[in-house]
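Everything on this sheet refers to the single structure shown next.
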Amino acid sequence: QQQVKQSPQSLIVQKGGISIINCAYENTAFDYFPWYQQFPGKGPALLIAIRPDVSEKKEGRFTISFNKSAKQFSLHIMDSQPGDSATYFCAATPPGSGNTGKLIFGQGTTLQVKP
Amino acid sequence: NAGVTQTPKFQVLKTGQSMTLQCAQDMNHNSMYWYRQDPGMGLRLIYYSASEGTTDKGEVPNGYNVSRLNKREFSLRLESAAPSQTSVYFCASSESSGGTDTQYFGPGTRLTVL
């Protein structure tokens with residue numbers, strides 16, 4: 001299967017709280033998992049990415065947790081701020097994409113951080 | 001350094017009309033991509049060009065054609081627009097076609113087909 005399933009579809013968090021977005025995939029051959037952030041009216045931009053040989057990657061307030069056996073990965077946003085309000089997409093590189101750059105995207109999560 | 005630019009920003013078409021979406025990048029990237037974004041569907045790849053002179057189908061190519069005009073420019077053409085092609089279209093580029101290369105997106109074209 002070449003799908004990436006993302007949840008929840010929308011999320012409301014209070015300022016200072018933790019935002020958690022989950023993604024699941026079926027094909028164990030996926031080998032690169034980026035997260036993209038999109039502000040209204042803009043194109044997506046790379047936020048953070050992880051390879052399956054590590055279980056966690058942290059960049060500032062953003063952390064990816066990766067569970068290879070469960071075929072799941074998640075984005076945690078610590079100390080969420082109103083400026084984090086955006087749509088977040090998980091993605092995965094399907095097998096055989098080494099020379100194509102293809103990405104399979106999740107359905108997206110719209111995050112609203114309330115002041 | 002403008003990155004990835006797209007024209008037009010907005011377009012309204014009638015069913016059956018044709019149009020070309022333009023995309024250009026100034027980052028000297030080899031690979032370019034066209035996606036469409038629909039509510040609840042995420043981003044879906046329409047066509048991509050791994051390098052100048054090559055193009056290939058993505059996940060949803062039906063109803064579209066592309067041209068890699070040169071290294072900088074990659075256009076998407078709708079020959080006979082249908083309401084199902086109402087969407088936001090994004091062009092992206094990456095340095096190479098390696099699976100881990102960051103893709104840089106343009107600001108998008110919002111297309112409505114009546």
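Less than 5 angstrom separates the built amide H of A:A29 from none of the residues sequence-distant by 5 or more or on a different chain. For A:K68, the lysines whose Cα comes closer than 26 Å to its Cα, not counting residues fewer than 8 places off in the same chain, are A:K5, A:K57, A:K58, A:K102. Residues in region A:9-49 near a label at A:S65, defined as backbone nitrogen under 12 Å from the 7 Å Cα→Cβ point? Residues A:19-23 fall inside that zone. A simple rule links phi to the HN-Hα coupling: the Karplus curve 6.51 cos²θ - 1.76 cosθ + 1.60 with θ = phi - 60°, which for region A:32-41 gives 7, 10, x, 10, 10, 10, 10, 8, x, x Hz, with x for Gly and Pro. For the protein assembly as shown, the Kirkwood estimate of the hydrodynamic radius, built from every pair of different alpha carbons, is 18.0 Å. In this structure, the amide hydrogen of B:L43, modeled 1.01 Å from its nitrogen in the peptide plane, lies closer than 5 angstrom to those of A:F105, counting only residues at least 5 positions away or on a different chain.
Computed across region B:5-114, the Kirkwood hydrodynamic radius from all distinct Cα-Cα pairs reaches 13.8 Å. For chain A, go through all pairs of different Cα atoms, get the mean of 1/r, take its inverse, and jot down that Kirkwood value in Å. After inverting the mean inverse Cα-Cα distance, the result is 14.2 Å.
Computed from phi, the 3J(HN,Hα) profile of region A:68-79 under the Karplus parametrisation 6.51, -1.76, 1.60 (θ = phi - 60°) reads 5, 5, 8, 6, 9, 8, 9, 10, 10, 10, 7, 6 Hz, with x in place of Gly and Pro. For the residues of B:21-33, the average number of beta carbons from a partner chain within 10 Å of their own beta carbon is 1.
The base-10 log of I(q)/I(0) for region B:9-56, evaluated at q = 0.20, 0.27 Å⁻¹, reads -0.92, -1.13 [Debye formula, identical scatterers on Cα atoms, solvent excluded]. Within straight-line reach of A:K114, meaning a Cα separation under 20 Å, sit the following aspartates and glutamates at least 8 residues removed in sequence or on another chain: A:D79, A:D84. What the phi angles of region B:23-39 give under the Karplus curve with 6.51, -1.76 and 1.60, with θ = phi - 60°, is a coupling list of 9, 9, 10, 10, 9, 6, 7, 8, 10, 9, 9, 10, 10, 10, 10, 10, x Hz, glycine and proline written as x.
Annotation: amide H of B:T54 has no partner in the under-5 Å range at sequence separation 5 or more or interchain, hydrogens built in the peptide plane.
Fully extending the segment from B:K14 to B:D56 would add 12.4 nm, taking 0.36 nm per residue of separation and subtracting the current Cα-Cα distance. About its Cα centre, the dipole of chain A is roughly 120 debye, where the only charges are +1 on Lys and Arg Cβ and -1 on Asp and Glu Cβ. Summarising the strand pairing of chain A, around 85 percent of its internal DSSP beta bridges are antiparallel. Highest mean packing first, where packing is the average number of other Cβ atoms within 10 Å per residue, the peptides A:69-80, B:26-37 line up as B:26-37, A:69-80.
Since every read-out is calculated from the coordinates, none of them should be taken as a lab result. A quick note: this is a predicted structure, and the numbers were derived from the prediction, not measured. With ideal geometry, Cβ positions are generated from the backbone for all residues, glycine too; neighbour counts draw on all protein chains shown.
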